[in-house]
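Working notes for the structure below.
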Amino acid sequence: MSKRQLDYLNELLSTPADGTPIDVEHAPVDEAPEHPRAKRGSTLLSRDNALAKIASGDVRQITQLLLDPSRVRVWSGNARYQAGLNEANCRDLIDAILSEGGQKVPAIVRRVEGDSTYDYEVIAGTRRHWAISWLRRNSWPDMMFLAQVHVLDDESAFRLADVENRARRDVSDFERAQNYLQALSGYYGGKQKRMAERLRVSEGWLSKMLKVASLPEWAVAAFSGRGDIQLKTVYPLAQFLDLLDKQGDTSDLSKVRASAGGIRAEQASRVEQGLPPIGASDVVKTLMTAGQGAEQGELLFEADSKHGRKALSVLSSNRNGITLRLHNGSGAGEAEVLDLVKAALTALEAKGRGLGR
């Protein structure tokens with residue numbers, strides 16, 4: 001269905017013959033007429049034809065209503081962290097609603113069955129729901145929540161909400177990642193490939209998002225807020241913590257956790273002093289350094305080849321083993337590399353971090 005068709009039918013349905021509001025927001029028609037701004041008589045005839053199509057089931061009907069927000073709950077499958085909504089981060093939306101004389105962009109809801117407290121639940125538009133609810137509590141008791149009513153199962157609701165959230169900067173990657181993790185088991189039987197196909201995203205990207213969703217709560221608390229946790233910045237940390245956990249490296253993991261506690265305390269202190277928070281990239285760097293068994297971010301051991309180029313680095317040493325990196329382009333041959341490995345082991349042994357510890 002083309003935009004031209006949608007615009008035309010909206011125009012027809014916006015001028016009811018008897019002045020009674022119509023509960024149809026938009027409906028597709030087979031062809032847009034040649035003269036979309038015909039005379040009143042022709043417009044009413046076209047409108048009647050459009051409604052006849054809806055009544056006969058030839059087109060899909062989407063009901064648009066003005067609702068009391070107190071009778072509308074937020075769907076549990078929505079990605080947005082509801083506890084994080086407040087007047088400050090919704091102020092722009094509140095002001096926009098007031099300046100426009102009401103909510104102009106409808107939310108998407110579905111009917112609720114078997115709940116005497118609520119009639120609908122929000123699938124997409126929870127921030128709009130919060131803003132209207134706030135306005136009703138603060139001098140605007142007659143403000144109504146504008147919503148379109150859709151018939152959706154949970155999986156369809158999840159995909160629809162996800163499409164909207166992708167375009168919203170105020171929904172963080174972490175919020176979406178946790179939503180994906182919940183949906184993976186809830187709707188796709190744990191099959192990432194199937195989920196990626198349904199969302200039309202790459203399986204690799206989805207895998208990274210799910211890895212970020214696995215961040216422990218103590219690590220999440222080190223950031224200034226969930227909105228600061230974005231895939232590109234935080235994925236290396238999620239990958240690093242997962243590796244430590246799989247290795248059973250409780251020593252280095254404890255160091256990271258302790259560092260996270262210190263950062264959290266500093267974040268709180270900065271808020272009290274009115275200072276800017278510690279940025280996400282600095283949080284990640286500090287936590288990863290704490291878990292690498294090195295002081296001041298320095299490697300445990302480094303060695304150059306006889307050509308003066310870096311050939312070997314020791315990244316960590318713990319009870320599970322030693323992690324070292326051999327660098328490409330050093331010019332070192334096999335014999336020289338073996339000698340450097342021996343030198344590294346000797347240096348680690350002298351520090352009490354060798355294989356025998």
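Assorted remarks:
- Residue within region 221-243 that is β-branched (Val, Ile, Thr) and free of Cβ contacts under 8 Å to residues at least 40 places away in the same chain present: no
- One residue stands out among those in region 299-339 that are farther than 26 Å from PHE240 by Cα and aliphatic (A, V, I, L, M): the one that is surrounded by the fewest Cβ atoms within 10 Å (Cβ to Cβ), which is ALA335.
- So LEU241, is it open to solvent by less than 20 Å² (accessible area, probe 1.4 Å), on the phi < 0 side of the Ramachandran plot and part of a helix (DSSP H, G or I): yes
- Only one entry of TRP140, TRP130, TRP205 meets the criterion of being modelled with pLDDT of 90 or more and under 30 Å from ARG270 (Cα atoms), and that entry is TRP130.
- Of all residues in region 134-181, those being under 17 Å from ARG226 (Cα atoms) and either polar (S, T, N, Q) or touching a Pro at 6+ places or on another chain (Cβ under 7 Å) (or both) number 4.
- Residue in region 239-256 that is within 17 Å of the chain's Cα centre (by Cα), closer than 23 Å to THR323 by Cβ and at pLDDT 90 or above present: no
- The set of residues in region 170-191 that are open to solvent by less than 50 Å² (accessible area, probe 1.4 Å) and either in contact with a Ser or Thr (Cβ under 8 Å, 6 or more places away or on another chain) or not in a helix (DSSP H, G or I) (or both) comprises VAL171, SER172, TYR188, GLY190.
- Pairing residues of region 206-218 that are charged (D, E, K, R) with residues that are in a helix (DSSP H, G or I) and open to solvent by 20 Å² or more (accessible area, probe 1.4 Å), at Cβ distances under 8 Å and at least 6 apart in sequence or on separate chains, gives LYS208/LEU231; LYS208/TYR235; LYS211/TYR235; LYS211/GLN239; LYS211/ASP242.
The values are calculated or read from the model by the stated rules, or taken from the named source; none is laboratory data. If you're wondering where the values come from, they're calculated on a predicted model, not measured in any experiment. All Cβ positions, glycine included, derive from the backbone under ideal geometry; neighbour counts span all protein chains shown. Only protein heavy atoms, including side chains, enter the accessible area calculation; ligands, DNA and RNA are left aside. Shrake-Rupley method; radii C 1.70, N 1.55, O 1.52, S 1.80 Å.
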